[in-house]
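The values are calculated or read from the model by the stated rules, or taken from the named source; none is laboratory data. Here the structure is a predicted model, which means the values were calculated and not measured. When we count neighbours, we look across all protein chains shown, and the Cβ atoms used for this are built from the backbone with ideal geometry, even at glycine. Areas reflect the complete protein model, heavy atoms only, side chains present, ligands, DNA and RNA absent. Shrake-Rupley method; radii C 1.70, N 1.55, O 1.52, S 1.80 Å.
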4 protein chains.
Amino acid sequence: MATAAIVGTSGYTGQETLDRVLAHPGLELYALGSDTLAGQSADALDPRLGRNGWRRIPRFITNDAALSCGADVVILCLSHEAAAAVTPPARGVVIDLSGAHRFQDPDIYESWYGFAHPACERLASWSYGLPEVSPPVGRLVANPGCYATAALLALGPIRDLIDAAVVVDAVSGMTGAGSSLKPASHAGAVLENVAPYDVGTHRHAPEIASLLGFPVAFVPHLLPVRRGLIATCHVRSRGADLRAALEEHYAGSHVVAVLAEGVVPELARVQHTDGAEIGVFDDRLTDGTIVICALDNLGKGAAGQAIQNVNLLFGYEETMGLRLSGVLV
Amino acid sequence: MATAAIVGTSGYTGQETLDRVLAHPGLELYALGSDTLAGQSADALDPRLGRNGWRRIPRFITNDAALSCGADVVILCLSHEAAAAVTPPARGVVIDLSGAHRFQDPDIYESWYGFAHPACERLASWSYGLPEVSPPVGRLVANPGCYATAALLALGPIRDLIDAAVVVDAVSGMTGAGSSLKPASHAGAVLENVAPYDVGTHRHAPEIASLLGFPVAFVPHLLPVRRGLIATCHVRSRGADLRAALEEHYAGSHVVAVLAEGVVPELARVQHTDGAEIGVFDDRLTDGTIVICALDNLGKGAAGQAIQNVNLLFGYEETMGLRLSGVLV
Amino acid sequence: MATAAIVGTSGYTGQETLDRVLAHPGLELYALGSDTLAGQSADALDPRLGRNGWRRIPRFITNDAALSCGADVVILCLSHEAAAAVTPPARGVVIDLSGAHRFQDPDIYESWYGFAHPACERLASWSYGLPEVSPPVGRLVANPGCYATAALLALGPIRDLIDAAVVVDAVSGMTGAGSSLKPASHAGAVLENVAPYDVGTHRHAPEIASLLGFPVAFVPHLLPVRRGLIATCHVRSRGADLRAALEEHYAGSHVVAVLAEGVVPELARVQHTDGAEIGVFDDRLTDGTIVICALDNLGKGAAGQAIQNVNLLFGYEETMGLRLSGVLV
Amino acid sequence: MATAAIVGTSGYTGQETLDRVLAHPGLELYALGSDTLAGQSADALDPRLGRNGWRRIPRFITNDAALSCGADVVILCLSHEAAAAVTPPARGVVIDLSGAHRFQDPDIYESWYGFAHPACERLASWSYGLPEVSPPVGRLVANPGCYATAALLALGPIRDLIDAAVVVDAVSGMTGAGSSLKPASHAGAVLENVAPYDVGTHRHAPEIASLLGFPVAFVPHLLPVRRGLIATCHVRSRGADLRAALEEHYAGSHVVAVLAEGVVPELARVQHTDGAEIGVFDDRLTDGTIVICALDNLGKGAAGQAIQNVNLLFGYEETMGLRLSGVLV
């Protein structure tokens, strides 16, 4: 059993990570950090955590205390700026769910994230942990963004087979926008509404481009659903059979499934799971190919992938503790 | 390991039951019945069932074949009339998720269900299996209706402490209405809409009344959500402390939780689980008490409760294989 | 043409009132008050207001300036406390959409609204303006609450025909909770969720009781829809034909419709309208009657009713400028 | 006053058309055709149509009778195949909301619509009526498809300024899929779900391409909302200022608005209206431009545009009877 600490537990990714850690047979929840809940018992976050039958859950402590508690793995569920300011503990695995360590180039933080990175010199110590495309290396792992995960699961394995003119349009459930209060997250702005946002300027665009090696045009849209995202990617093959390449790449995966011809990815089949579905389609009018990936932004797009990275680094079975669906309606 | 057969797998309750059986450490899926899918492999129902990493799942056979396959437990996920016409196998446990065996009095089928029960003489062989209020007895078990489960979890333990003038208003996700195609289930009639239905005439009213021993006024409403229901029950105490009575009744339960004072039940906390939440509130203007129960209509309201009944009958731990939540966002 | 000023335009009820005033052939928009938008042009609130083809819309001024601009009618779309603190202009009609002037008894503000009313002596000058049940009298009019409107349209005309033991359960779209940012209004707490709130303690309970003359047990629930509410009311008749009484009461109304037997009220048919639908049903198990009213919380439940009150006070046709539906899908 | 007949009133586009005709000051509803409702009064379709205060509405007659009733304008709200089989009346305007007359090339019906067009020789008599891009000519008008309308409003005015490599991804409310019962329209398949459909094979792709003069890659997605669609179009300019071109093109329009820089189109602002919103954005990573159009699939995407076409052909003011929004929340 490895011990685990969560830093920043009260947000959406923190809660989901807590859920995965509690269900993981190889992890013992060692510390629960939250500056707003420090001192309180776990059910202050959610009454479900106080139920009979749960393993004992520790009280909340401060994020600093959780960070330095000596756990075997520390999972950071903080804002980009807060995570960038964290000094990683001297030993143990650290998984950062924010964007603070996804880029080697500090300029991207100034130009795309709007802050000067306070620890540029450490950026090279972090690896980008997208298991199927860019497996984690070393003890400091930047967990990919949700949109980037979907686009890279679709495009990463075929990046050498396609032209460098890729369009990615995506739709996401609103938990992708976080739990902080802002007008765009007010239910009155979300219900029975859909809107694009950060059009042509979203931070996941350089993240996708960085792994692919060429730029992409990326437009995300916010959906009136709680969870899940779909990335619809338009590519042109350089003569290769893209479906075959993707099927081969994911043939052994228990996490990512390439759907049979004609079957479309759906939010409903990936919500509440840590897996992903990929569909491949020819466009009838152009010579383009459409690769579509669906996943749960809080599962494979965040907490599930964090646990998958932990599994890989600790030598556990890759899917240990993950939710890989049944046939839930 | 007990062997299990599902009869009528393709509907909502059938799929949920399949999901529970696949995840249950004490059940082996033995036969998968569906007249429409007979002969096809499991992924004809849902591509998730063909994924790597799943246990091998048998091909679909006819419902008759599944019924008579000799499984230790047969779970009926059929329409009321189809279930009423079933001759139970000579041995083994049978759990009926329809309403076909919930009443001893055959007249109720004529007057509330609209058909003459074809096997009145067998009705007395079935017990009503609501574990917390009316535990299953014998090998033939009628699984309660979803609304009835919620109302009876709220009211059953206090039925002797309240006046016989109870109002129950309920709201339910639309999977409660089943997967068959009808105008009221068309998404255009459900999205951004809410409507009461079967006002004062819903079949779960006599089911609730039958267990309580007195009539209730019951009005269900259909919600534009996929899963979950809330029953809001208005009662008048005969001097007893209803909260204390409910807390005592559910003190040892890992399935039903009485929430702390001031905490309201929420759909989001019970969706995709097999548990239930109960809140108890004083009304400020009248001398009434409001008892509110939330559960997932397909979980504790259907497939989860079926598995809980199976666990009780087979001597398994009551919660084996059930989904009793984490802190999923 | 009467001139109209809106005080507190930026919230939901303010926007809806603006919409109605712009469409009203007998009202000229004279002043648009908003402390947060003062000095800006109308399209700062919504780009639709800057479109070609609209009548010219004045720039925003402060709420104080709008209040004292000398308009023939001033419509207050403020919080309860802010509205209570307003000194009405010396002449002209004032319609208050908040709860600040709905009660003659100042104690209700302390015990139900949580503040001492700063102008108790003026409460008697205000009338409660629910046109079908309690038509506005005088130039100061308190516009009813949304839930209270629905419950009183259902119960007001039959209050003398029923026992004083009434239960009202209601569900409302989330715009009823206002546009201010709070955790319960975050889309992540609303989507695919339903929860009761203010159980047994909601402020509309004494408002309903005050008009009926006897207490009611009232429980509201928040829906994942943008607009509309349904109040399901359980009553016992003292021998009268409640359907006949309601049909007679509303026979001449162009705003409130009593539906034919067997037809249920639906949110979808009243959303975006200023009308209401009422259904009447016998309960099959008890001797109760169920009266259900559906309306749009921002229409008949707020801005539409305000305009209806204005029409009555100015001698305009009652439905002038109201949205009384077509067959919008 | 021109007389109007609706053929196929009971579907979504038929109902919306009826709504617009009833509200139109220059149209008199002359005949209401529906084979399923023939002989019944209008409120058989919707109880709102039987309300006090409405103009008298004729009883339903058969579609054939409505077609040949001699109305000045006949609006066809039929399926593609049924509309293709219609013999237009000898005089009067005919607006066809289906796809049956949008193409001059009969082969498209065989290859994209799956049926041989029964009246190829008449196809040349019909004009494609997209007022802002391809105004209606003559008395037989094919009303554009909803996605095609959005894509062509965005791209039509700049088709000569962009490269012939365009990607259009779109999301639509589920009323776009029609009111007939099918598994994909069941609320259980739509709620809290999103899925692409007809990927690379949707019939609106050749419709868009036909007007632009070059192919497009088009992927529609079905949303869990009732109304509205957004088309997100990726183009590359040949050096022109696309925003300036679009602003100039729509400068005089009361129907289509080009939003200010930085403002994104939203479903909520166009739902229940007959207008459209266009946003123009530079992509930061590539040299592409993103043009996004939002409209209501049943408004500007169907019935509203039909009425706009009628207005143009009858010399009425272009926006007569249209819903061009207020600030409805």
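Check whether at least one residue in the stretch D:47-58 is away from chain C (no Cβ under 14 Å) and either surrounded by fewer than 16 Cβ atoms within 10 Å (Cβ to Cβ) or within 22 Å of the chain's Cα centre (by Cα) (or both), and report yes or no. Before the answer, list the steps.
If we filter the stretch D:47-58 for residues that are away from chain C (no Cβ under 14 Å), which is where we start, we get D:56, D:58.
Now drop any that are not either surrounded by fewer than 16 Cβ atoms within 10 Å (Cβ to Cβ) or within 22 Å of the chain's Cα centre (by Cα) (or both), which leaves D:56, D:58.
Scanning the stretch D:47-58 turns up at least one residue that is away from chain C (no Cβ under 14 Å) and either surrounded by fewer than 16 Cβ atoms within 10 Å (Cβ to Cβ) or within 22 Å of the chain's Cα centre (by Cα) (or both).
Which of the residues spanning the stretch B:183-225 are among the aromatic types (F, W, Y) and either out of contact with any helix residue (DSSP H, G or I) (no Cβ under 6 Å at 6 or more places or on another chain) or not in a strand (DSSP E or B) (or both)? Talk me through it step by step, then tell me what you get.
Just the residues of the stretch B:183-225 that are among the aromatic types (F, W, Y), to begin with: B:197, B:214, B:218.
B:Y197, B:F214 - these are the residues of the stretch B:183-225 that are among the aromatic types (F, W, Y) and either out of contact with any helix residue (DSSP H, G or I) (no Cβ under 6 Å at 6 or more places or on another chain) or not in a strand (DSSP E or B) (or both).
Give me the pairs, please: first residue somewhere in the stretch B:216-240 and farther than 30 Å from D:V225 by Cα, second residue anywhere and of a type in the set (D, E) and in a strand (DSSP E or B), beta-carbon distance under 9 Å, and either six or more positions apart or on two chains.
B:A217/B:D169; B:C233/B:D169; B:H234/B:D169; B:H234/C:D169
May I ask you to verify whether C:A116 is over 22 Å from C:H254 (Cα atoms), open to solvent by 20 Å² or more (accessible area, probe 1.4 Å) and not in a loop (DSSP other than H, G, I, E, B)?
no
Considering every residue within the stretch C:88-110, establish whether at least one is surrounded by fewer than 24 Cβ atoms within 10 Å (Cβ to Cβ), hydrophobic (A, V, I, L, M, F, W, C) and in contact with a Cys (Cβ under 9 Å, 6 or more places away or on another chain).
Checking the stretch C:88-110: not a single residue is surrounded by fewer than 24 Cβ atoms within 10 Å (Cβ to Cβ), hydrophobic (A, V, I, L, M, F, W, C) and in contact with a Cys (Cβ under 9 Å, 6 or more places away or on another chain).
Taking the stretch C:1-11 only, how many residues are in a loop (DSSP other than H, G, I, E, B) and in contact with a Ser or Thr (Cβ under 6 Å, 6 or more places away or on another chain)?
Of the residues in that region, 3 qualify.
From the residues in the stretch D:140-176 that are facing another protein chain (nearest Cβ under 7 Å), within 12 Å of D:N297 (Cβ to Cβ) and over 13 Å from the mean Cα position of the chain (by Cα), which one is surrounded by the most Cβ atoms within 10 Å (Cβ to Cβ)? Spell out how you get there, then give the answer.
Step one: of the stretch D:140-176, the residues facing another protein chain (nearest Cβ under 7 Å) are D:167, D:169, D:171, D:174-175.
Within this subset, residues satisfying the condition of being within 12 Å of D:N297 (Cβ to Cβ) are D:171, D:174-175.
Right, trim to over 13 Å from the mean Cα position of the chain (by Cα) and you get D:171, D:174.
On the way: D:V171: 29, D:M174: 26.
The extreme case among them is D:V171.
Take the residues in the stretch A:257-271 that are within 18 Å of A:D296 (Cβ to Cβ) and not aliphatic (A, V, I, L, M); name whichever of them is nearest to the other protein chains (Cβ to nearest Cβ).
Among residues in the stretch A:257-271 that are within 18 Å of A:D296 (Cβ to Cβ) and not aliphatic (A, V, I, L, M), the one nearest to the other protein chains (Cβ to nearest Cβ) is A:E266.
Which residue is nearest to C:Y250 (Cα to Cα), if the candidates are limited to the stretch C:119-132 and must be open to solvent by less than 60 Å² (accessible area, probe 1.4 Å) and among the hydroxyl-bearing types (S, T, Y)?
Only one residue tops the list, namely C:Y128.
Across the stretch B:312-329, which residue is surrounded by the fewest Cβ atoms within 10 Å (Cβ to Cβ) among those that are within 14 Å of chain A (Cβ to nearest Cβ) and of a type outside the set (A, V, I, L, M, F, W, C)? Steps first, please.
The initial filter retains those residues of the stretch B:312-329 that are within 14 Å of chain A (Cβ to nearest Cβ), namely B:317-329.
Keeping just the survivors that are of a type outside the set (A, V, I, L, M, F, W, C) gives B:317-319, B:321, B:323, B:325-326.
Values: B:E317: 12, B:E318: 15, B:T319: 19, B:G321: 21, B:R323: 22, B:S325: 23, B:G326: 19.
Only one residue tops the list, namely B:E317.
Run down D:L67, D:L49 and say which single residue is under 16 Å from D:A4 (Cβ atoms) and at pLDDT 95 or above.
Details: D:L49 fails: at pLDDT 95 or above.
When all the criteria are applied, what remains is D:L67.
Based on what the data block shows, is A:A303 touching a residue at least 60 places away in the same chain (Cβ under 8 Å), more than 22 Å from the chain's Cα centre (by Cα) and outside any loop (DSSP other than H, G, I, E, B)? Step through it out loud before you land on a result.
Values: touching a residue at least 60 places away in the same chain (Cβ under 8 Å): yes; more than 22 Å from the chain's Cα centre (by Cα): no; outside any loop (DSSP other than H, G, I, E, B): yes.
No.
State which residue pairs qualify: first residue farther than 12 Å from C:Y113 by Cα and inside the stretch C:200-211, second residue surrounded by 20 or more Cβ atoms within 10 Å (Cβ to Cβ) and basic (K, R) in any location, beta carbons under 9 Å apart, and separation of 6 or more residues or different chains.
C:S210/C:R102
Go over the candidates A:G315, A:G228, A:G262 one by one and state the one that is touching a helix residue (DSSP H, G or I) at 6+ places or on another chain (Cβ under 7 Å), at positive phi and not aromatic (F, W, Y). Step through it out loud before you land on a result.
Numbers: A:G315 fails: touching a helix residue (DSSP H, G or I) at 6+ places or on another chain (Cβ under 7 Å); A:G262 fails: touching a helix residue (DSSP H, G or I) at 6+ places or on another chain (Cβ under 7 Å).
Of A:G315, A:G228, A:G262, the one residue that is touching a helix residue (DSSP H, G or I) at 6+ places or on another chain (Cβ under 7 Å), at positive phi and not aromatic (F, W, Y) is A:G228.
For the stretch B:178-198, which residues satisfy the criterion of being open to solvent by 10 Å² or more (accessible area, probe 1.4 Å), closer than 23 Å to C:C293 by Cα and touching a strand residue (DSSP E or B) at 6+ places or on another chain (Cβ under 7 Å)?
Of everything in the stretch B:178-198, those that are open to solvent by 10 Å² or more (accessible area, probe 1.4 Å), closer than 23 Å to C:C293 by Cα and touching a strand residue (DSSP E or B) at 6+ places or on another chain (Cβ under 7 Å) turn out to be B:A195, B:Y197, B:D198.
Can you give me the number of residues within the stretch A:93-105 that are closer than 17 Å to A:G14 by Cα and in a loop (DSSP other than H, G, I, E, B)?
Qualifying residue count for the region: 4.
Hey, can you tell me all the residues within the stretch C:23-46 that are within 8 Å of chain D (Cβ to nearest Cβ) and either surrounded by fewer than 19 Cβ atoms within 10 Å (Cβ to Cβ) or within 17 Å of the chain's Cα centre (by Cα) (or both)? Let's see the steps before the verdict.
Taking the stretch C:23-46 first, the residues within 8 Å of chain D (Cβ to nearest Cβ) are C:23, C:45-46.
If the condition is that a residue be within 8 Å of chain D (Cβ to nearest Cβ) and either surrounded by fewer than 19 Cβ atoms within 10 Å (Cβ to Cβ) or within 17 Å of the chain's Cα centre (by Cα) (or both), then C:A23 is the only one that fits.
Could you tell me whether D:R203 is open to solvent by 30 Å² or more (accessible area, probe 1.4 Å), modelled with pLDDT of 95 or more, over 23 Å from the mean Cα position of the chain (by Cα) and among the basic types (K, R)? Full working, then the answer.
Details: open to solvent by 30 Å² or more (accessible area, probe 1.4 Å): yes; modelled with pLDDT of 95 or more: yes; over 23 Å from the mean Cα position of the chain (by Cα): no; among the basic types (K, R): yes.
Criteria not met by D:R203.
Looking only at the stretch C:235-274, how many residues end up being more than 23 Å from C:V166 (Cβ to Cβ) and of a type in the set (S, T, Y)?
1
Report, by residue number, each residue of the stretch C:285-300 that is in a strand (DSSP E or B) and open to solvent by less than 10 Å² (accessible area, probe 1.4 Å). It would help to see each step written out before you state the result.
Going through the stretch C:285-300, the residues in a strand (DSSP E or B) turn out to be C:289-295.
Hits for the stretch C:285-300 are C:I290, C:V291, C:I292, C:C293, C:A294, C:L295.
Which condition breaks for B:V270 when tested against (1) open to solvent by 10 Å² or more (accessible area, probe 1.4 Å); (2) closer than 28 Å to B:S98 by Cβ?
B:V270 satisfies every listed condition except (1).
Exactly one of (1) in contact with an Asp or Glu (Cβ under 7 Å, 6 or more places away or on another chain); (2) farther than 30 Å from B:Q271 by Cβ is unmet by B:N63. Its number?
Going through (1) in contact with an Asp or Glu (Cβ under 7 Å, 6 or more places away or on another chain); (2) farther than 30 Å from B:Q271 by Cβ one by one, B:N63 breaks only (2).
Does at least one position in the stretch D:177-198 carry a residue that is more than 14 Å from chain B (Cβ to nearest Cβ) and in contact (Cβ under 8 Å) with a residue 12 or more places away in the chain? It would help to see each step written out before you state the result.
At the first step, the residues of the stretch D:177-198 found to be more than 14 Å from chain B (Cβ to nearest Cβ) are D:196, D:198.
Now restrict to residues that are in contact (Cβ under 8 Å) with a residue 12 or more places away in the chain: D:196, D:198.
Scanning the stretch D:177-198, I find at least one residue that is more than 14 Å from chain B (Cβ to nearest Cβ) and in contact (Cβ under 8 Å) with a residue 12 or more places away in the chain, so the answer is yes.
Output the number of residues of the stretch D:272-282 satisfying the condition of being more than 12 Å from chain A (Cβ to nearest Cβ) and either in a helix (DSSP H, G or I) or in contact with a Gly (Cβ under 7 Å, 6 or more places away or on another chain) (or both).
2
Which of the helices (runs of 4 or more DSSP H) found entirely inside the stretch B:12-92 contain at least 2 residues meeting this: touching a residue at least 60 places away in the same chain (Cβ under 8 Å) and of a type in the set (D, E, K, R)? Even if it seems obvious, please write down each step before you answer.
Working: elements: B:12-23, B:63-67, B:80-84.
By residue number, B:12-23.
Quick one: D:V219 ticks every box in (1) more than 14 Å from chain B (Cβ to nearest Cβ); (2) more than 30 Å from C:G188 (Cα to Cα) except a single one, so which number is it?
(2)
For the stretch A:7-20, how many residues are open to solvent by less than 10 Å² (accessible area, probe 1.4 Å) and touching a Phe, Trp or Tyr at 6+ places or on another chain (Cβ under 9 Å)?
So the count comes out to 1.
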